[in-house]
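Everything below concerns the one structure shown next.
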Amino acid sequence: MDMHSVDPVVLGTSGVTAADVVAVARGGARVELSEEAVTALAAARGIVDALAAKPDPVYGVSTGFGALATRHISQELRGRLQRNIVRSHAAGMGPRVEREVVRALMFLRLKTVCSGHTGVRPEVAQTMADVLNAGITPVVHEYGSLGCSGDLAPLSHCALTLLGEGDAEGPDGVVRPAGELLAAHGIAPVELREKEGLALLNGTDGMLGMLVMALTDLELLYKSADITAALTLEALLGTDKVLAPELHAIRPHPGQAASAANMLAVLKGSGLTGHHQEGAPRVQDAYSVRCAPQVAGAGRDTMAHARTVAERELASAVDNPVVLPDGRVESNGNFHGAPVAYVLDFLAIAAADLASIAERRTDRLLDKNRSHGLPPFLADDAGVDSGLMIAQYTQAALVSEMKRLAVPASADSIPSSAMQEDHVSMGWSAARKLRTAVDNLTRVLAVELYAATRAIELREGLTPAPASRAVLEAVREAGVEGPGPDRFLAPDLAAADAFVRQGRLLAAVEPVTGPLA
């Protein structure tokens, strides 16, 4: 990762943007603290220090945590208390979480710290930035967060690195003891003081980071789905009359109108659409073709809602207790992940349905009884050749998994912390399964792209739309081969997957159509 590939992200007290998260998590952007943030950090710390000097117990400052909050902790034990919460809560298990997720997790926790509502010292915040800027990535595990009281275990593994304990991955990709990595980059381990351990753990940062990145990926995939749907409509000699803007204006869902407009732009100038009306007229196309804008559009509107939730959370300071501007330090429940968890689950449902309709279109292309003149399975010599028969099997397997992943995690709750935390969000789990769903959706659309481009090329004597021709040229240059006898298919599918995943499908179309919505 090039740690200087994009402009630095400067943290203030009022939150960050989705673009900031992506820049740090994926682009390796440097993180800097503004003077405003440092001033707010110091002011809030002064309030915590004053409370710590008083005999009255204050949660997280001079007491234990969770169900153990009834015990007053003496001053000489408070540093140990903060170290212990980090060590004991770093209890994750399972496979390692992806580097971009951990970077988003650390960055978003630092965002809240810089709000001035946590009471963390400026030097701790600077160390968090230094670790990010050094390309040091704590080892975080798949399991351990219930999405309530924050993503506790994942954030604890990150905080453990700040103490110079546990394992982390260096910028070279090698996992080493965190203490060695800090020393190699001239970063001194942190000595935690009152409230600081708790403040490093208490946030929705992991689920929020994964939501932001999923929305970034889905924005590309929904545009890609409009393109593949248009290509399939064209390959099936379907009609583009159902895409007319006046039809969508009388059911004014904005996502639906955008998807229809995208499909119409891709199909502009096609010599295939409506061709079926000569000889074997069809009154209307199947739902998977005709209703493509309605399904993709509903998903787009779901994304718009999820984006609103993400923007609110990005502007939030999530901690417990929080330092208020009037000097009070108050307990609260803002760490509960329900708002984020719900939209993560909602996006998984929408992604599963988009994949499902794309698979149905693909199957229609391969079935000689429904493809309006295309060879069975788009095979070169059907019977001798199987064509794309098993590519559809793979697509169906992906869709089936996505339907299972659409079962909401946020509808579950398992009480924890001796019934103190008796209702949790499972938002981390919702985010983890959404990442898999987004990954699978990319592959499903790649299979539709592969089948549709082959089918268009098999329509000899008919001229596809200029945008379709641009896709055909670009996809063949990318190593996705066209019609012909059976060959080893997995490399073609992998190349199609990369073509969609890297945004090259959209890049091939937009010079012809203009920017898609």
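The values are calculated or read from the model by the stated rules, or taken from the named source; none is laboratory data. Fair warning: this is a prediction, and the values are worked out from it, not measured in the lab. As a convention, Cβ positions derive from the backbone with ideal geometry for all residues, glycine included, and neighbour counts pool all protein chains shown. Heavy atoms of the whole protein, side chains included, go into the accessibility calculation; ligands, DNA and RNA do not. Shrake-Rupley method; radii C 1.70, N 1.55, O 1.52, S 1.80 Å.
Looking only at residues in region 494-517 that are outside any helix (DSSP H, G or I) and free of Cβ contacts under 8 Å to residues at least 12 places away in the same chain, the one that is farthest from Gln392 (Cα to Cα) is Pro515. Here is the figure for region 213-262: residues that are of a type in the set (A, V, I, L, M, F, W, C), within 30 Å of Val102 (Cα to Cα) and out of contact with any Leu (no Cβ under 9 Å at 6 or more places or on another chain) total 1.
Restricting attention to region 169-201 and to residues that are in a loop (DSSP other than H, G, I, E, B) and of a type in the set (Lys, Arg), the residue that is least open to solvent (accessible area, probe 1.4 Å) turns out to be Lys195.
Within region 230-260, no residue satisfies the criterion of being buried (at least 24 other Cβ atoms within 10 Å of the Cβ), of a type in the set (Ser, Thr, Tyr) and touching a Ser or Thr at 6+ places or on another chain (Cβ under 7 Å).
Please work out if Ala317 is of a type in the set (A, V, I, L, M), in contact (Cβ under 8 Å) with a residue 60 or more places away in the chain and assigned to a helix (DSSP H, G or I). So Ala317 does not fit the description; no. Of all the residues in region 360-383, those that are part of a loop (DSSP other than H, G, I, E, B) and either under 15 Å from Arg454 (Cα atoms) or in contact (Cβ under 8 Å) with a residue 60 or more places away in the chain (or both) number 11. Against the test of being open to solvent by less than 20 Å² (accessible area, probe 1.4 Å) and out of contact with any strand residue (DSSP E or B) (no Cβ under 7 Å at 6 or more places or on another chain), the options Val444, Val424, Val384 yield a single qualifying residue, Val444. Across region 135-168, the number of residues qualifying as surrounded by 24 or more Cβ atoms within 10 Å (Cβ to Cβ) and at positive phi comes to 3.
Okay, residues lined up against (1) in a helix (DSSP H, G or I); (2) over 30 Å from the mean Cα position of the chain (by Cα); (3) buried (at least 17 other Cβ atoms within 10 Å of the Cβ):
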{"site": "Val22", "(1), (2), (3)": "yes, no, yes"}
{"site": "Ile47", "(1), (2), (3)": "yes, yes, yes"}
{"site": "Ala50", "(1), (2), (3)": "yes, yes, no"}
{"site": "Leu81", "(1), (2), (3)": "yes, yes, yes"}
{"site": "Val86", "(1), (2), (3)": "yes, no, yes"}
{"site": "Ala91", "(1), (2), (3)": "no, no, no"}
{"site": "Gly94", "(1), (2), (3)": "no, no, no"}
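Taken residue by residue, region 108-115 has no member that is within 20 Å of Asp319 (Cβ to Cβ), open to solvent by 10 Å² or more (accessible area, probe 1.4 Å), touching a Cys at 6+ places or on another chain (Cβ under 6 Å) and modelled with pLDDT of 95 or more.
Filter region 60-79 down to the residues that are hydroxyl-bearing (Ser, Thr, Tyr) and either at pLDDT 85 or above or under 23 Å from Leu162 (Cα atoms) (or both), then identify the one that is surrounded by the most Cβ atoms within 10 Å (Cβ to Cβ). I'd like the intermediate steps shown before the answer.
If we filter region 60-79 for residues that are hydroxyl-bearing (Ser, Thr, Tyr), which is where we start, we get 62-63, 70, 74.
Restricting the remaining residues to those that are either at pLDDT 85 or above or under 23 Å from Leu162 (Cα atoms) (or both) gives 62-63.
Details: Ser62: 23, Thr63: 16.
Among those residues, the one meeting the criterion is Ser62.
The residue that is most open to solvent (accessible area, probe 1.4 Å), counting only those in region 400-417 that are of a type outside the set (Ser, Thr, Tyr) and out of contact with any Ser or Thr (no Cβ under 9 Å at 6 or more places or on another chain), is Arg404.
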